[in-house]
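**Student:** Before anything else, here's the structure in question.
Just so it is clear, none of the values below were taken in a lab; they were calculated from the coordinates. No experiment lies behind these values; they were computed from the predicted model shown. Every residue, glycine among them, receives a Cβ derived from its backbone with ideal geometry; neighbour counts consider all protein chains shown.
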Amino acid sequence: MQTIRIQLTTLADSEKLGRLLGNLAGPGDVMCLDGDLGAGKTTLAQAIARGLEVPDTCYVTSPSFAILHEYEGRIPMYHMDFYRLQDATEVEDLGFEEYFYLHGVTVIEWSSRAMDILPHDRLVVEIAVNDNLTRTATLHGTKSYAEMLQHISREFPC
Ligand SMILES: Nc1ncnc2c1ncn2[C@@H]1O[C@H](COP(=O)(O)OP(=O)(O)OP(=O)(O)O)[C@@H](O)[C@H]1O
Ligand SMILES: [Mg+2]
């Protein structure tokens, strides 16, 4: 497990991070976005979609009611939001686990609501809001995300 921490001083930094994640993503990747209400998870998911070449005409919104939205990009993006779920069994009942093993990229907001069913191999992005409203993102990933994390830390020097 590797961890990096980066500062997202402006909205543009969050967009840059998301685009990079989308550019660097490969088939079967699972990206978990966590953080309080309003931390910037959907903002990041929207930028990941752009990095995956989901067309600009395709408006990416939080799927909190639908729970899952699917977008066509360079590879598909499965955008999930677990905010309204009570626990992991609901994710199982909905059959969402299958998506983790398809060839698209799964992006999950509020993944911590269903920690038990997440695949071991995953990237977690935790966004914290600082007192001055800038964001700090902590990214941890298993071995297969090591190169991605190295690339990102080079793009966000301290
Ligand atoms: N790095 C940043 N700097 C400043 N503002 C930001 C940054 N990232 C996101 N924001 C702003 O924070 C607000 C909330 O963002 P967003 O909707 O993405 O949060 P969220 O984590 O998805 O919230 P929720 O849990 O309610 O769905 C938006 O107005 C967005 O523009
Ligand atoms: Mg959201």
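**Student:** Just the Kirkwood number for the chain, please: inverse of mean 1/r across all distinct Cα pairs, in Å, one decimal. Could you put the intermediate results ahead of the total?
**Tutor:** Values: mean 1/r = 0.0648 Å⁻¹.
For the chain, inverting the mean 1/r across all distinct Cα pairs yields 15.4 Å.
**Student:** Angle, helix 41-51 long axis vs. longest principal axis of the chain, Cα atoms, 0 to 90°, nearest 10?
**Tutor:** Between helix and principal axis, roughly 90 degrees.
**Student:** Relative to the longest principal axis of the C-alpha atoms of the chain, give the angle of the C-alpha long axis of helix 146-155, reported between 0 and 90° and rounded to the nearest 10°.
**Tutor:** Taking Cα atoms only, the helix is inclined about 40 degrees.
**Student:** Another one. Please arrange ARG84, ARG122 by counting, for each residue, the other beta carbons lying within 10 Å of its beta carbon, fewest first.
**Tutor:** ARG84, ARG122
**Student:** What is the order of LYS143, LYS41, LYS16, fewest Cβ neighbours within 10 Å to most? Each step should come with its number before you reach the end.
**Tutor:** Details: LYS143 9, LYS41 26, LYS16 17.
The order, fewest Cβ neighbours first, is LYS143, LYS16, LYS41.
**Student:** Another question, then. So what's the angle, to the nearest 10 degrees on a 0 to 90 scale, between helix 11-24 and the longest Cα principal axis of the chain?
**Tutor:** Around 60 degrees separate the two axes.
**Student:** Using Cα pairs closer than 8 Å and at least 6 residues apart in sequence, work out the relative contact order for the chain, in percent. Walk me through the numbers on the way to the answer.
**Tutor:** Numbers: 316 pairs, mean separation 53.6, N = 158.
Relative contact order comes out at 34 percent.
**Student:** With point charges of +1 on the Cβ of Lys and Arg and -1 on the Cβ of Asp and Glu, referenced to the Cα centre of the chain, which listed residue (TYR101, GLN7, PRO119) lies farthest in the positive direction of the dipole?
**Tutor:** Going by the Cα projections, it comes out as GLN7.
**Student:** How many angstrom lie between the Cα centre of region 96-123 and the Cα centre of region 48-75?
**Tutor:** Result: 16 Å between the Cα centres.
**Student:** Something else now. Considering only DSSP states other than H, G, I, E and B, which chymotrypsin sites (Phe, Trp or Tyr not before Pro) in region 6-114 qualify as loop sites with at most 15 other Cβ atoms within 10 Å?
**Tutor:** TYR59, PHE65, TYR83, TYR101
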